[in-house]
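The values are calculated or read from the model by the stated rules, or taken from the named source; none is laboratory data. What you see is a predicted model, and the numbers here were worked out from it, not measured in a lab. When we count neighbours, we look across all protein chains shown, and the Cβ atoms used for this are built from the backbone with ideal geometry, even at glycine.
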Amino acid sequence: MLLAFSTWPEIEDRLTRSKAVVVPIGSNEQHGPTGLLGTDWLCPEIIAHAAEKQGDLLVAPTFNIGMAQHHLGFPGTISLRPSVFQAAIVDWVNSLARHGFTRIYFLNGHGGNVASIEAAFSEIYAGWSFRGEPCPFALKLKNWWDLTGVLRLTREQFPTGHGSHATPAEIAVTQAAYPDFIKSANYAPQIAPNGPIRDAADYRARFADGRIGSDPGLATPEKGRELIDKASTALLGDVEEFENEESPA
Ligand code: NI
């Protein structure tokens, strides 16, 4: 069930059966010369929507702008500063919690979001802790590449050249879902350099075409399909486990 394509009575009815919701969350940022700017929000959305087709899952609209300040040296990148991103996450959570969702699961597609999402969760929990009231909902963050079995599959598919930005795995996922938008370019060097992440000017100087440690030329739609299948099945199991988690009280 997709929240955006539902009506409020349908959501009200669903809440009588399930109080879990999945929010795909990512970033709109450069992904090298061949990766789509939407890669980091498309991947969790593609996986969550695939899982929704296979099982009983409610998927919220995709939170598609994240913390990507270091990519701003490349045209098309759109970023929220960490404080604004965190504040927006707090409002998304409070909106969903107000309706009675008690298991709010963020499926993330951008490593640069992790610190801010975790800080936002702490900000929310701190409010309840300071008031001395029990928080009536639980929050979970999962990166799609950390879903069970995905990392092992990625290592088999890409023993070298996976890297950490504009990776062949994430580009393969977008190729499988959107084959009309597969791009090609000559990579020089074939495997991009590694290095630290700082501000946007430093990033552009270190990583000329935007990639970090990766060879996106290894991506194929077939590998992307395998990743989507593995990740979407694992997502269904992970959300079910979260929903059925025993409360200590
Ligand atoms: Ni990415």
Screening LEU72, LEU37 for residues that are in contact with a Gly (Cβ under 8 Å, 6 or more places away or on another chain) and touching a residue at least 24 places away in the same chain (Cβ under 8 Å) leaves only LEU37
The listed residue being under 15 Å from ASN108 (Cα atoms) and away from the ligand (no atom under 16 Å from the Cβ), out of ALA60, ALA4, ALA68 = ALA60
Select from segment 79-103 the residues that are among the β-branched types (Val, Ile, Thr) and within 18 Å of SER122 (Cβ to Cβ) and list them in ascending order.
-> VAL84, ILE89, VAL90, VAL93
Within segment 96-113, restricting attention to residues that are surrounded by fewer than 24 Cβ atoms within 10 Å (Cβ to Cβ) and assigned to a helix (DSSP H, G or I), which residue is farthest from the ligand (Cβ to nearest atom)?
-> ARG98
Within segment 7-35, restricting to residues that are more than 10 Å from the ligand (Cβ to nearest atom) and either part of a loop (DSSP other than H, G, I, E, B) or at pLDDT below 95 (or both), the one that is nearest to GLY73 (Cα to Cα) is PRO33
Can you tell me which of ARG152, ARG131, ARG98, ARG103 is within 30 Å of ASP229 (Cα to Cα) and free of Cβ contacts under 8 Å to residues at least 12 places away in the same chain?
-> ARG152
Can you name every residue in segment 73-86 that is surrounded by 14 or more Cβ atoms within 10 Å (Cβ to Cβ), hydrophobic (A, V, I, L, M, F, W, C) and either in a helix (DSSP H, G or I) or away from the ligand (no atom under 15 Å from the Cβ) (or both)?
-> LEU80, PHE85
